[in-house]
1. Would you confirm whether any residue within region 38-61 is under 23 Å from residue 162 (Cβ atoms), open to solvent by 60 Å² or more (accessible area, probe 1.4 Å) and basic (Lys, Arg)?
2. In region 28-70, which residues are in a helix (DSSP H, G or I) and of a type in the set (A, V, I, L, M)?
3. Going by what's in this entry, would residue 67 be described as over 13 Å from residue 116 (Cα atoms), without any contact (Cβ under 8 Å) to a residue 24 or more places away in the chain, touching a Phe, Trp or Tyr at 6+ places or on another chain (Cβ under 6 Å) and polar (S, T, N, Q)?
4. Taking residue 73, is it of a type in the set (D, E, K, R) and open to solvent by less than 80 Å² (accessible area, probe 1.4 Å)?
5. Just wondering, is there one or more residues in region 10-17 that are of a type outside the set (Lys, Arg) and assigned to a loop (DSSP other than H, G, I, E, B)?
6. Being part of a loop (DSSP other than H, G, I, E, B), among the small types (Gly, Ala, Ser) and farther than 21 Å from residue 74 by Cα is the filter here; which residues of region 139-153 pass it?
7. Determine whether region 154-176 contains at least one residue that is part of a helix (DSSP H, G or I), under 20 Å from residue 71 (Cα atoms), more than 18 Å from the chain's Cα centre (by Cα) and not charged (D, E, K, R).
8. Looking at 103, 75, can you tell me which residue is free of Cβ contacts under 8 Å to residues at least 60 places away in the same chain, touching a helix residue (DSSP H, G or I) at 6+ places or on another chain (Cβ under 7 Å), among the aliphatic types (A, V, I, L, M) and closer than 21 Å to residue 48 by Cβ?
Amino acid sequence: GNGQSASGEMAELRAYLLAKLLWNPDFDVETGTKEFLEAWFGPAAPFIAEYLDLTREALISSGYHLSLYDSPKAAFITKELLDKCDELFDRAEKAVAHDPVLASRVAKERLSVRFTRFFHDAPDANRNDEVEAFIADAKSHGIRRLSEKWGFENVRQLTRKGIWPPAEEDQTPIRD
């Protein structure tokens, strides 16, 4: 969970599974994940499940050891992976376009892919607009900070440059 903000990638799923496991350490996580995704994302659930499977498989097959403060440029994250993720989110969004609650849930989960793209796609003329749209969308989902260290002014600076790891001068927390 994120102590300083309302959310994080798949925070609701993690909370659901942890609560179930606290009550029953033998709880079937795969069944619970499917159950949650269907209830939380409705018709978008198959695409979100495929996204989770795709990213998990990319991580496992790379041999990369995931840790708490990993980079959006981690070895297993490729442009091809992000393209597939975007394709799945396009399909998920289309599946729930008729339902504003479900559409909002899907859009929130897509934020992590959108953020990561800033460090895989070369900055172009639309970058500032994309950064501002990302920040506005994150705020609309109740997200107040990107990390323990960085608020939105840091996000603005880092994503506009699209360079990771950040240069020394870009690592100082900026007051929002």
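1. No.
2. Of everything in region 28-70, those that are in a helix (DSSP H, G or I) and of a type in the set (A, V, I, L, M) turn out to be 29, 37, 39, 44, 45, 48, 49, 52, 54, 58, 59, 60.
3. no
4. No.
5. yes
6. 142, 151
7. The answer is yes, given that some residue of region 154-176 is part of a helix (DSSP H, G or I), under 20 Å from residue 71 (Cα atoms), more than 18 Å from the chain's Cα centre (by Cα) and not charged (D, E, K, R).
8. The conditions single out 103.
The values are calculated or read from the model by the stated rules, or taken from the named source; none is laboratory data. Since the model is a prediction, treat every value here as computed from it, not as a measurement. In this analysis, Cβ positions are derived from the backbone assuming ideal geometry, glycine residues included, and neighbour counts consider all displayed protein chains. Keep in mind that these areas ignore ligands, DNA and RNA; they rest on the heavy atoms of the full protein, side chains included. Shrake-Rupley method; radii C 1.70, N 1.55, O 1.52, S 1.80 Å.
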